[in-house]
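Before any comments, here is the structure.
The values are calculated or read from the model by the stated rules, or taken from the named source; none is laboratory data. Remember, it's a predicted structure, so these values are computed and weren't measured experimentally. Note that each Cβ is placed from the backbone with ideal geometry, even for glycine, and that neighbours are counted across all protein chains shown. Calculation scope for accessible area: heavy atoms of the full protein, side chains included, ligands and nucleic acids excluded. Shrake-Rupley method; radii C 1.70, N 1.55, O 1.52, S 1.80 Å.
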Amino acid sequence: MLVMKFGGTSVSSKNSVEVICNLVEANIHKKPVIVVSALSKVTDSLVAICTKDNFSDAVLDNIYNKHAGLAREFLIGNDLELVLKYTKQCLNDVKNKLSKLFATSNNLAPLALKDEIVFYGEKMSSFLIATIIHNITKIDVRQILSSTCIVTNKKFGSADYLATSTKKNTRFVILPLIKQNVVPVVTGFAGATKDGEITTLGRGGSDYSASILGFALEATEIQIWTDVDGVYSTDPRVIKTAKLLPLLAYEEASELANLGAKVLHPRTITPAMLSKIPVKVLNTFNPNGVGTTIVDIVDEKKRRVKAITTKNSVPLITIKSNDMLFGKGFLKKVFDIFARFSISISLISVSEVSISITLENKENINEVLKQISKIGMVTYNEDYGSLSLVGGHIMDTPNLMNDIFTILEAANIKVHMISYSGSNINVSMVILSRDINRALELLHNHFIG
Ligand code: ADP
Ligand code: ASP
Ligand code: MG
């Protein structure tokens, strides 16, 4: 079995949808399972209308027109009518649910409802793409809602899958279709709790859902089809000289994704890695390219910086306290507070009297700051970003630290904090957001070229 996931831009244009049809046909003997994102920008629009001020018929009309426009490129007659009716019904549901909410004193959809609303993006795209694939290739297809396969915890907006029940449900739903040579076209991005409430896996989460399905189905390969040739040494839209990386180890790809490379959702690699399933990143707009293959071990003699990723803005907390408090489990107290408010920590650097921490998310930040100020002097800053150099055994790169500091110092870029990964895969620095792109360009030129 082969899992093929197509991202937003890949499901939005006539040419790329034709490529999808060709790929399904060409890979039919491998028993493909298709996973799709919402059409380009549809999730952004659905997120926006979950706030009363942005809720308007115009946004819904725009979403409808996107689907109808693409449908009309391929379909006529009954198939076209079915797609238009399904899309209209989805958007009516969205409208009714939100109108009902905003008629009360609520101005903002609660997280659970927001997940339910944004999931309609993937529902509409999967119905549309399934219908087009069938119409063009005559292959039997079936739209599958991932909420019947992926079981998650209740962390709405950024849920995590529960392996055992997900495996059971996914196999129950998908395997009979595969046996009958039906191609499942599965919604990306979402799952459901044990009680059936829709959850989403975080923005960009269709990559993650493809990997979860691959794990559950014990697929031979997971393919992530996107709008660039694969994983590059940095975002090729920012640095034109970025180099394609044909081969990466799971750990390298995972660090890259976690540290800001948008091409893969941060949690994509873990499920694939559990079953050692190769992950390929490929370009729907250049389907014959080699892409990037992500596997267990990459045996390379020469150690080097393979990639540099950035996050333009990372919330930064610095806590100062005296030595005595440190001696009495100070760090535990700090981490307990973050855990209680479900804030994930990204980078950390500790000295005798202070800790600097960057955060993945900043929900409940005011409450967190209030709690931390009870145990130490705390400062909070949003002017910083992070820059990470990634590569297996990175610390063996000759002159690594010396070169980094010489280059940044010459450019008058101050490193506010530095953090090495224990796994010897990345070195991350926190620097002012306004200096991030300049630092990226200088370091990329030097280490990668
Ligand atoms: P999709 O909709 O297919 O999921 P995304 O927009 O989520 O696509 O991810 C693809 C984008 O990721 C590319 O267009 C590129 O600009 C960006 N990107 C960021 N970092 C990297 C990187 N290191 N390698 C490749 N692409 C990257
Ligand atoms: N449609 C979702 C998003 O835009 C999931 C994805 O594209 O991967 O975040
Ligand atoms: Mg994506």
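Out of curiosity, is Ser147 assigned to a helix (DSSP H, G or I) and either within 16 Å of ligand 1 (Cβ to nearest atom) or surrounded by 24 or more Cβ atoms within 10 Å (Cβ to Cβ) (or both)? When the stated conditions are applied, Ser147 does not pass them.
Could you please let me know if Glu221 is charged (D, E, K, R) and touching a Ser or Thr at 6+ places or on another chain (Cβ under 8 Å)? Judged against the criteria, Glu221 is not a match.
With the condition kept exactly as written, say whether any residue in the stretch 53-74 is in contact (Cβ under 8 Å) with a residue 60 or more places away in the chain, within 16 Å of ligand 1 (Cβ to nearest atom) and open to solvent by 50 Å² or more (accessible area, probe 1.4 Å). No. Per the listing Val19, Val47, Val33, the residue uniquely more than 16 Å from ligand 3 (Cβ to nearest atom), in a helix (DSSP H, G or I) and of a type in the set (Val, Ile, Thr) is Val19.
Contact map, the stretch 75-94: first residue among the charged types (D, E, K, R), second residue modelled with pLDDT of 95 or more, Cβ cut-off under 6 Å, separation 6 or more or different chains; pairs are Asp79/Thr131; Asp79/Asn135.
Taken as a whole, the condition of being within 23 Å of Phe285 (Cα to Cα) and basic (Lys, Arg) applies to Arg203.
Remark: pairs (first residue in the stretch 148-168, more than 16 Å from Pro266 (Cα to Cα); second residue of a type in the set (Asp, Glu) and open to solvent by less than 30 Å² (accessible area, probe 1.4 Å); Cβ separation under 7 Å; 6+ apart in sequence or on different chains) = Phe156/Asp115.
For Gly157, the stated conditions hold: it is outside any strand (DSSP E or B), within 14 Å of ligand 2 (Cβ to nearest atom) and in contact with a Leu (Cβ under 8 Å, 6 or more places away or on another chain).
With the structure loaded, tell me whether Lys41 is surrounded by fewer than 21 Cβ atoms within 10 Å (Cβ to Cβ), charged (D, E, K, R) and either away from ligand 2 (no atom under 16 Å from the Cβ) or under 24 Å from Gly196 (Cα atoms) (or both) or whether it fails that test. Criteria not met by Lys41.
Set side by side, the residues Gly205, Gly230 differ, and just one is within 13 Å of ligand 2 (Cβ to nearest atom), over 24 Å from Ile139 (Cβ atoms) and open to solvent by less than 10 Å² (accessible area, probe 1.4 Å), which is Gly205.
Here's the yes/no breakdown for (1) at pLDDT below 95; (2) within 16 Å of ligand 1 (Cβ to nearest atom); (3) closer than 13 Å to Trp225 by Cα:
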{"position": "Met4", "(1), (2), (3)": "no, yes, yes"}
{"position": "Thr9", "(1), (2), (3)": "no, yes, yes"}
{"position": "Val17", "(1), (2), (3)": "no, yes, yes"}
{"position": "Val42", "(1), (2), (3)": "no, yes, no"}
{"position": "Thr51", "(1), (2), (3)": "no, no, no"}
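Applying a threshold of 6 Å to beta carbon distances and a minimum spacing of six or more residues, or different chains, the list of pairs starting in the stretch 1-16 at a residue that is within 15 Å of His265 (Cα to Cα) and within 14 Å of ligand 2 (Cβ to nearest atom) and ending at one that is in a strand (DSSP E or B) and among the hydroxyl-bearing types (Ser, Thr, Tyr) reads Gly7/Thr226. Restricting the search to the stretch 383-401, which residues are open to solvent by 80 Å² or more (accessible area, probe 1.4 Å) and modelled with pLDDT under 95? Those that are open to solvent by 80 Å² or more (accessible area, probe 1.4 Å) and modelled with pLDDT under 95: His393, Asp396, Pro398, Asn399.
Table: residues versus (1) over 30 Å from Ser356 (Cβ atoms); (2) in contact (Cβ under 8 Å) with a residue 60 or more places away in the chain; (3) more than 11 Å from ligand 1 (Cβ to nearest atom).
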{"site": "Ile239", "(1), (2), (3)": "no, yes, no"}
{"site": "Leu248", "(1), (2), (3)": "no, no, no"}
{"site": "Ala261", "(1), (2), (3)": "no, no, no"}
{"site": "Pro271", "(1), (2), (3)": "yes, yes, yes"}
{"site": "Pro278", "(1), (2), (3)": "yes, no, yes"}
{"site": "Leu282", "(1), (2), (3)": "yes, no, no"}
{"site": "Thr293", "(1), (2), (3)": "yes, no, yes"}
{"site": "Ile297", "(1), (2), (3)": "yes, no, yes"}
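All of Lys138, Lys123, Lys114 fail the test of being over 20 Å from Ser45 (Cβ atoms) and open to solvent by 10 Å² or more (accessible area, probe 1.4 Å), apart from Lys138.
Within the stretch 253-269, which residues are away from ligand 3 (no atom under 12 Å from the Cβ) and assigned to a helix (DSSP H, G or I)? Passing the criteria: Ala253, Ser254, Glu255, Leu256, Asn258, Ile269.
Considering the stretch 208-247, and only residues there that are of a type in the set (Asp, Glu) and under 23 Å from Leu389 (Cβ atoms), the residue that is farthest from the chain's Cα centre (by Cα) turns out to be Asp229. Is it the case that Phe6 is open to solvent by less than 50 Å² (accessible area, probe 1.4 Å) and closer than 16 Å to Val186 by Cα? Yes; evaluated as a whole, the condition is true for this residue.
Of all residue pairs spaced 6 or more apart or on separate chains, those with beta-carbon atoms under 7 Å, a first member in the stretch 204-219 that is over 12 Å from Leu274 (Cα atoms) and polar (S, T, N, Q) and a second member that is part of a helix (DSSP H, G or I) and within 16 Å of ligand 2 (Cβ to nearest atom) are Ser209/Ser146.
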